[in-house]
Structures are given as structure tokens and as C-alpha cells.
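Derivation of every value follows stated rules applied to the coordinates shown; laboratory data play no part. No experiment lies behind these values; they were computed from the predicted model shown. Note that each Cβ is placed from the backbone with ideal geometry, even for glycine, and that neighbours are counted across all protein chains shown.
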Amino acid sequence: MSPKAKPKFKKVKITGDCKIFKNVKIGEGSVIEGPCILGKPPRGKKDGELELVIGKNAVIRPFTTIYAGNKIGDSFQTGQGASIREDNIIGNNVSVGTNAVLEFENRIGNNVRIHSLCFLEMVTIGNNVFFGPNVVFTDDPHPMLCPKYKECKGGVTVADLVKVGAHSTFCPGVKIGRNALVGAGSVVTKDVPANAVVAGNPAKVIKQIDDLVCYIGAYKKPYDWPPYKE
């Protein structure tokens, strides 16, 4: 980062070698750990043509790249090596894990946890959602180079309070209902009803959230705590 860029970021701690392009806004209390790249222009755009906004109290860890054209809320965190492409809108208190990849046009709510090595593109996500490691979302039923690509099934829609186990894969256009649970290693090819527990390849409903039991008996049932318990 050039010395001229430093005055733009008041009350922001920047360490290491950070490449920060033009038209980047970072909220107070944020910590940027280099090496990292912020505000990289997408293909066909000039430096500073698109804005990158990162809210207050962010923690951007080393080797993260965030492109221009993103709007990110407060208390955002990345693991090492996260990659976030353009045209993402991300709410407050969201974490994107180590080596996770957010491609374009994701819409992410508040209090969302995206673990390491996840891949998202054109995904719409509600609030209080959890993805385990290596979760993959697809958005193209017949790649590649289809002229009607963006008019086809598109990305996955994930409602509030959804929990997804590690190594799950979602096919294009499916909708995951509110408070559903997707078991680890599932391949989700169809819509998942609200409050359902699904697992397998292809994923099928195996029970309801209310049928789950607490393994150690500490609660009457799992998710008997906020924000799940209303």
C-alpha cells in the first residue's frame, strides 16, 4: 500500500504488504493483515471504477483477495486465502473461512458462517445460516458457455436458520427451507422443506428438526437455544 493511501483509513490497523486499489472504503476498528489485495478491479473495469465497501470492525486475514464492486457489512471476517469476486452483497457478522471462494452475485444475510473451502456463486442466503467445510453450490445445469446461462435455473436459495454439514453439494436452482438441516456429504437435487432433516445422495427427508435428540441430554432437543428457539 502506498503511503498516500494511509490517511483514507482512520482507526484501521493495516499490517504487512497490502495492495489497496482506489475507491476502497474500510470502517473504523478494522484490522487488515497482509499480504492481501483489496479493491482489485474485475475484468474490463478500471482501478477505482467500482467501489469496495467494508464495514466497521472487520478482520481480513493474510492472502485474502476482495474485488471491487462488493458491499460488506460490519464485523466481517475472513480466514487466510479467502477469495471474494465482484457483485456480492454481504450483511453484518459474516465469516468466510480459509480458502473459501465467493464468486459473483451472492446475496448473504446477517450472522452467516461459511467455513473453509466452500464455493458459492449466485447464492441467496438468509440470516443465521451455517455451512460446514467444503460445501459447494452450483448454478449451471449444463456447463459451459450456454448463451442463456443467467436466465436458466440460477443459484441456490437458502432460507434463515439453515444448517449444512460438511462436503454437501447443491444442484442449481434448489431452495432450502427455513430451519432445515442438511446432513454431511449430501447431494441436494431437489427443494428441501422447512424444518426438514435431509441426507444422502440424492438427499431425502429422513426426519424433522423436532425429532432430533441431544446426545448428552443437556437440552430437550438440539437447537433449543437462540436464534433457533423463538
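Using C-alpha pairs under 8 Å with a sequence gap of at least 6, the mean separation divided by the residue count of the range 3-211 gives a relative contact order of 10 percent. Which links in Lys25/Lys148; Lys10/Lys45; Lys45/Lys153; Lys175/Lys220; Lys71/Lys150 stretch past 31 Å when you go from one Cα to the other? Over 31 Å apart, Cα to Cα: Lys25/Lys148. Most simply put, the chain has about 5% antiparallel DSSP beta bridges, counting only bridges with both residues inside it. In a Debye calculation with equal point scatterers on the alpha-carbon sites of the range 104-212 and no solvent, what is log10 I(q)/I(0) at q = 0.21 Å⁻¹? The Cα Debye sum returns log10 ratios of -1.08.
Using the scaling law 2.2 N^0.38 Å as the reference, what is the normalised Cα Rg of the range 3-211?
Compactness ratio reported: 1.06.
Once the Cβ-Cβ distance of Lys150 and Lys8 is raised to the sixth power relative to R0 = 41 Å, the FRET efficiency obtained is 0.75.
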